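Since every read-out is calculated from the coordinates, none of them should be taken as a lab result. Only a predicted model underlies this, so the values are computations on that prediction, with no experimental measurement involved. For neighbour counting, all protein chains shown are included, and Cβ atoms are generated from backbone atoms with ideal geometry for every residue, glycine included.
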Amino acid sequence: MTDTIAEDMYETTVGLEIHVELATASKMFCGCAVAFAGEPNTRVCSVCLGHPGTLPVPNERAVEHTMKIGLALNCEIAEHSIFHRKNYFYPDMPKNYQISQYDSPLCVRGFLEIGGHRVGITRVHLEEDTGKSIHAGGSGRIADSDYSLEDFNRAGTPLVEIVTEPDIKSAEQARAFVTELRALIESLEVSDVRMEEGSMRVDANVSVRRRGETEHGTKVEVKNMNSIRSVGRALEYEERRQRAALDANETLIQETRHFDEKAGTTSSLRTKEYAFDYRYFPEPDLVPLEPATDWVDRIRASLPETPAQRRARFSSDHGLPESDVEVLTASYKTAGWFEDAAKAYGGDAKKIANWVLADLFGLLNEVGIELQDSKVAPAQLAALVKLVDGGDISGKQAKTVLAAMFETGKDPAAIADEQGLKQVSDTGEIEAAVDEAIAENPDVADKVRRGNLGPIGFLVGQVMKKTKGQANPGIVNDVLRRKLTS
Amino acid sequence: MPDLVWASATELAGELVAGNVTSVEVTQALIDRSRAVDDSIAAYLTPTFDRALVEAGAADERRARGDALSAFDGVPIAYKDVFVTRGVRSTSGSKILDNYLPPYDATVVARCSGAGMPMLGKLNMDEFAMGSSTENSGYGPSRNPWDLERVPGGSSGGSTALVAAGGAPWAWGTDTGGSVRQPASLCGLVGFKPTYGRTSRSGMIAFASSLDQAGPITRSVRDAAALFLVAAGGDPLDSTCLKEEVPNVLEGIDRGIEGMRIGVVREFREGSQPGVQTLFEESLTRLEKLGARIEEVSLPSFEHGISAYYLIAPAECSSNLARYDGVRYGARVDGDDIVQMTSRTRAQGFGPEVKRRVMLGTYALSAGYYDAYYGKAQKVRTLISRELEGVFGSVDLIVTPTSPSTAFKIGEKTQDPLEMYLNDIFTVPLNLSGTPAISIPCGLSADDGLPVGLQLAGPSLDEATVLRAAYAFEQDLGFSERAPL
């Protein structure tokens, strides 16, 4: 009730800053490999360690990937853009300046639509990532640590920054935006976009104002949201906090707040008095980026289907309900896996969708891996469903087989053979067992004969027991009815 | 057979080809001379004599097999310590890099090594190339072989002192605001600054990236042209290095200057010491005698060169030198936390001039001051380039004295940084424009008997014309005086 009133009285404005690490083979300005984790300081060289005399040489692929993201977000590609130096001292930044872009970014003025709502993209630019500090002792932050260790493996990884206009109106919309953006970038195959691993990082600027006011409320920056779920939780909390403050006539201060994953709350990290002066100036070690028109055109022409286009196609081509489409297209790779399986199957795609969503996802969640990383190949799932269709195994047996496929990656037919999970559809064998069951349970059989079909299930159970569960229950049922009721 | 110590590199190369002498003999003679003079001139920071002899031996073997790497295989060379050398201490004149062993070779060094030149050692300089006298070196000043009480100029003063004293036929310097031309002028040598970007900056410890340019320091114009050709040309390690093909500047270097139009910069016509002024006017007469037409040109923005330079260069240096924080390499002074460690390391590791420029540059780039200082300076820079381009529409070259004075006494200008900065008034504008320029000896000053340099400057990429005019002047003057050391 209070929430509804609050929503009526206030409106929320959110702008997002998203950093995406590009999955190029080598770093932004040197030849070192780009990879996640690994033995510290093993993917470093004189350039990414900032040795005297070294110079950055831009990675053309990173520039191309950035333009892909920009074009997919409907941006204009600048004919002339330059790199700037962002100067500040931090031990995980080897040169004590970051090569970034400032007032002349590579991609500008785009948008992304979520549920019919258009969110403006201010800019998409390219920069280099920093190394990683590990602060030993204390809380894990630098202030109260005993000492710090530096790992420069990540230093110099190409990083794309995407800045939105303040067009997002709620925590839920922010969550939806990040979900859509993540799927879009994933489909471009330019980044792993894993928030948990830091290859996608989201910061938000949140403000709340009274409905009808023209000035934005006091802007608060929220950091440390390490999953899409956290984005929703952190912003919901921040929305509530700011509304409560306004309700109580408190003054909000412009500050940066840190989201605490466990507590589900935000706390002040620094206020505006500590605003940094980064002394940006044009990077003299690099020449301007002036991508040729035909290069930009080639990239534009090579862009894959967007998640929105894919969703539309999944409903029309596969006839899937919206809820299924939502889940299956949330990730480009999941969608691709599903389509491969549906194609190999050839029949009603809904059946494949059911197996993926109801069964395979359950197994994946238990182990905590993604569909494309499982041992089950799309064609193998199709083969499994065909076995069920053909009456070779029962639906229940198929679940057992799938679990074994998930474990071993073997073909379903081979597993069914190994485990003796062949469904008996031979009526001769079944009839013998049915006759036995009737003979052993004359009272029950009589009830059925008299028209009480209720206990027929009991007799089916008896037959299944005699056949060690391998009889096709449908056929058992048919045979019983024929023998007792006709 | 010429005196091995005073022969030009080109002459030494000729003797090696003719088989009149071995590289080991040449190298040994230069090492002996270096040892004899270095107590007086303090040119070396890190001699690499043993290595030079090994490399000389290898050069002799190659030559014996007929596998010489280049025309200069076996001709020794030395480097200003701003060039990093793999496994050989490279300090850039700073205590903060006192223990620094680079993991790679500068491209200039790699190309000279690839041409077979033994490395005699690493030479003194003003700390991080900031200065005009070597007095800002963390290792004490070098001395001018013409007068040991005087500075050799800077920042490449160790290089000019050594070449002027006969310790090496040639050396590499770098020129950010005049740091090759001014010390060459003060030591009676040839100092050549090619077009910005003609040689790779990879492995040149950065001072001001948009201005830094490597340049040969030699005793002849022909040697300067030859050494330029060894190192110039595109480099995948430096994206600002020019990819344009390098013209063979030796070809037609002796064609003379008949009909060439040379502009005298009105704004720089006066203001030098009388002895410098006299030699400058005599030089104009000589150029005319050689067939050039001397015209007066006006470059009003040049007067603002020093002001613009002392905003742009410090701004870039404040950022370039931020990496010396004690975290990864170089000196470290411990502290209670990272801030204290970095502050102490920089406080102890940097000398006063470096600190002055880092602070100046930090200020010039700060929010609220950027437009008034750095932004305005960039506009002046653009103006200087445009004016110069306009002038080169009507003349082929411009001519000025290289430095308004001859070598000054050690300690004379250290208390007045502005006075020191004004030493570069004629050279700095050509770093801002990035165009080629050379300093060549034009005589000994009547005031003090010390060498005076003449600066010739040409349009972007036209090193050939600059060198041709310098060669004609040099041949006609026949300057053959040597430092009395």
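Summary of computed values
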item: Listed residue (B:Ser202, B:Leu53, B:Ala9) projecting farthest to the positive dipole end of the protein assembly as shown, Cβ model; result: B:Ser202
item: Subset of A:Lys399/A:Lys483; A:Lys27/A:Lys86; B:Lys80/B:Lys409; A:Lys343/A:Lys399 violating a 27 Å alpha-carbon distance limit; result: A:Lys399/A:Lys483
item: Mean projection area, nm², convex hull over Cα of chain A; result: 32.3
item: Vicinal HN-Hα couplings computed from phi for the stretch A:64-78 (Karplus, 6.51 cos²θ - 1.76 cosθ + 1.60; Hz; Gly/Pro x); result: 5, 4, 5, 5, 4, 4, x, 5, 5, 9, 6, 7, 8, 9, 5
item: Modelled FRET efficiency - R0 60 Å, B:Ala18 with B:Leu418, Cβ distances, 0.05 increments; result: 0.70
item: Span from the the stretch B:314-350 Cα centroid across to the the stretch A:416-466 one, whole angstrom; result: 86
item: With eigenvalues of the C-alpha gyration tensor scaled by 5 and rooted, the protein assembly as shown, Å; result: 75, 33, 25
item: Loop-resident sites, the stretch A:270-326, for chymotrypsin sites (Phe, Trp or Tyr not before Pro), counting at most 12 other Cβ within 10 Å (DSSP); result: A:Phe276
item: Selection from A:Ser187, A:Gln423, A:Gly140, by position along the positive dipole direction of chain A (Cβ); result: A:Gln423
item: Mean-position separation - Cα centroids, the stretch B:413-477 and the stretch A:223-302, in angstrom; result: 53
item: Linear extension gain, A:Leu252 paired with A:Ser148, 0.36 nm per residue minus alpha-carbon span; result: 34.0 nm
item: Orphan Cys of chain A, criterion: no other Cys C-beta under 4.7 Å; result: A:Cys30, A:Cys32, A:Cys45, A:Cys48
item: Other protein chain Cβ atoms within 10 Å, averaged over every residue that makes up A:285-293; result: 2
item: The stretch A:61-82-the stretch B:91-147 distance, computed between alpha-carbon centres (Å); result: 42
item: Gain in span if fully extended, B:Lys243 to B:Thr46, counting 0.36 nm per residue against the direct Cα distance; result: 67.6 nm
item: The stretch A:345-486 shape via C-alpha gyration tensor axes, a/c threshold 1.5; result: prolate
item: Enclosed volume per residue, in Å³, of the convex hull spanned by Cα atoms of the stretch A:306-418; result: 89
item: Cα gyration tensor category, rounded, prolate or oblate, for the stretch B:227-326 with a/c compared to 1.5; result: oblate
item: Chain A, dipole about Cα centre (Lys/Arg Cβ +1, Asp/Glu Cβ -1), debye to the nearest 20; result: 880
item: Segment A:Glu172-A:Ala414, length gained on full extension (0.36 nm per residue, minus Cα span); result: 82.5 nm
item: Ellipticity estimate at 222 nm from DSSP helix runs (n ≥ 4, -39,500 (n - 2.57)) divided over the protein assembly as shown, nearest 500; result: -12000 deg cm²/dmol
item: Rg(Cα) / (2.2 N^0.38 Å) computed for chain B, rounded to two decimals; result: 0.92
item: Number of partner chain Cβ atoms within 10 Å, mean per residue of B:200-209; result: 4
item: Loop sites in the stretch B:240-343: GluC sites (Glu not before Pro), DSSP, at most 11 other Cβ within 10 Å; result: B:Glu245, B:Glu251, B:Glu258, B:Glu270
item: Test item: B:362-371 mean partner chain Cβ contacts at 10 Å; result: 3
item: Simple Cβ-charge dipole of the stretch A:427-485, Lys/Arg +1 and Asp/Glu -1, about Cα centre, in debye nearest 20; result: 180
item: Local electrostatic count at B:Leu53 - Lys and Arg +1, Asp and Glu -1, tallied over other residues with Cβ under 12 Å; result: -4
item: Under 12 Å, Cβ to Cβ, from B:Gly116 - net charge with Lys/Arg +1 and Asp/Glu -1; result: -2
item: Among A:Ala433, A:Thr485, A:Thr467 the positive-end extreme of the charge dipole of the stretch A:427-485 (Cβ point charges); result: A:Thr485
item: A:Lys132 paired with B:Arg62, simple spin-label distance in nm, labels 7 Å along Cα-to-beta-carbon; result: 4.6
item: For B:Ile294, distant residues with modelled amide H under 5 Å away; result: B:Ile262
